[in-house]
Amino acid sequence: MVCLYCRVIINILILNTMENIIFNGLPDVSLEISLKEYKYGLFTNPKYPEDIMVIYEAHPERYDIAYFPPFVPEVEFNWVDLDNISNFCGYDVSKQDNKRVIMDLISYYGFENVCGSSYWEGFTFEEIENSLNTL
């Protein structure tokens, strides 16, 4: 578990270097709709396309970042019931790519259970929008 101070520093460093981060158009092609209506967006770095960043609404109109390196769903998320999630989604979640798995886990379990708790004020939408290269 990363201490609160370390998490804040890591997130500030990530936000300050987001010119390397690309919004994937998930769950919506619009960054604003993704963050303001769906409450999250998925991002990647072209140098490490298997890594996933989730920017999610941790507090009203304030956003935090969760980072997921490449993973095997059955190992990384061994606490989840993939059969129940697969029934919920209507397809075998374990056979999906990691972006889809993250989206399905968030839909089923919620942000806090998948991305962790956020104990700082977070970023505003404008801070994220101004820092991103959305291509």
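Within region 45-69, restricting attention to residues that are touching a Gly at 6+ places or on another chain (Cβ under 8 Å) and surrounded by fewer than 16 Cβ atoms within 10 Å (Cβ to Cβ), which residue is farthest from Glu129 (Cα to Cα)?
Out of the qualifying residues, it is His59.
Here's the yes/no breakdown for (1) part of a strand (DSSP E or B); (2) acidic (Asp, Glu); (3) over 13 Å from Ile128 (Cβ atoms):
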{"residue": "Gly25", "(1), (2), (3)": "no, no, yes"}
{"residue": "Asp28", "(1), (2), (3)": "no, yes, yes"}
{"residue": "Leu35", "(1), (2), (3)": "no, no, no"}
{"residue": "Phe43", "(1), (2), (3)": "yes, no, no"}
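Being surrounded by fewer than 16 Cβ atoms within 10 Å (Cβ to Cβ), charged (D, E, K, R) and in contact (Cβ under 8 Å) with a residue 12 or more places away in the chain is the filter here; which residues of region 73-125 pass it?
Those that are surrounded by fewer than 16 Cβ atoms within 10 Å (Cβ to Cβ), charged (D, E, K, R) and in contact (Cβ under 8 Å) with a residue 12 or more places away in the chain: Glu74, Glu121.
Which of (1) part of a loop (DSSP other than H, G, I, E, B); (2) over 15 Å from Gly116 (Cβ atoms); (3) under 18 Å from the mean Cα position of the chain (by Cα) is the odd one out, the single condition Tyr91 does not satisfy?
Here Tyr91 clears every test but (3).
So which residues in region 94-111 are in contact with a Pro (Cβ under 8 Å, 6 or more places away or on another chain) and over 11 Å from Pro73 (Cα atoms), if there are any at all?
Once the filter is applied, which keeps residues that are in contact with a Pro (Cβ under 8 Å, 6 or more places away or on another chain) and over 11 Å from Pro73 (Cα atoms), region 94-111 yields only Met103.
When you check Arg62 against the structure, is it under 26 Å from Ser30 (Cβ atoms), touching an Asp or Glu at 6+ places or on another chain (Cβ under 7 Å) and among the charged types (D, E, K, R), yes or no?
Answer is yes for this residue.
For region 45-88, give me the residue count where each residue is assigned to a helix (DSSP H, G or I), of a type in the set (Asp, Glu) and touching a Phe, Trp or Tyr at 6+ places or on another chain (Cβ under 9 Å).
Of the residues in region 45-88, 1 are assigned to a helix (DSSP H, G or I), of a type in the set (Asp, Glu) and touching a Phe, Trp or Tyr at 6+ places or on another chain (Cβ under 9 Å).
Here, each number is a calculation from the coordinates, and none is a lab measurement. If you're wondering where the values come from, they're calculated on a predicted model, not measured in any experiment. Cβ: placed from backbone, ideal geometry, glycine included. Neighbour counts: every protein chain shown.
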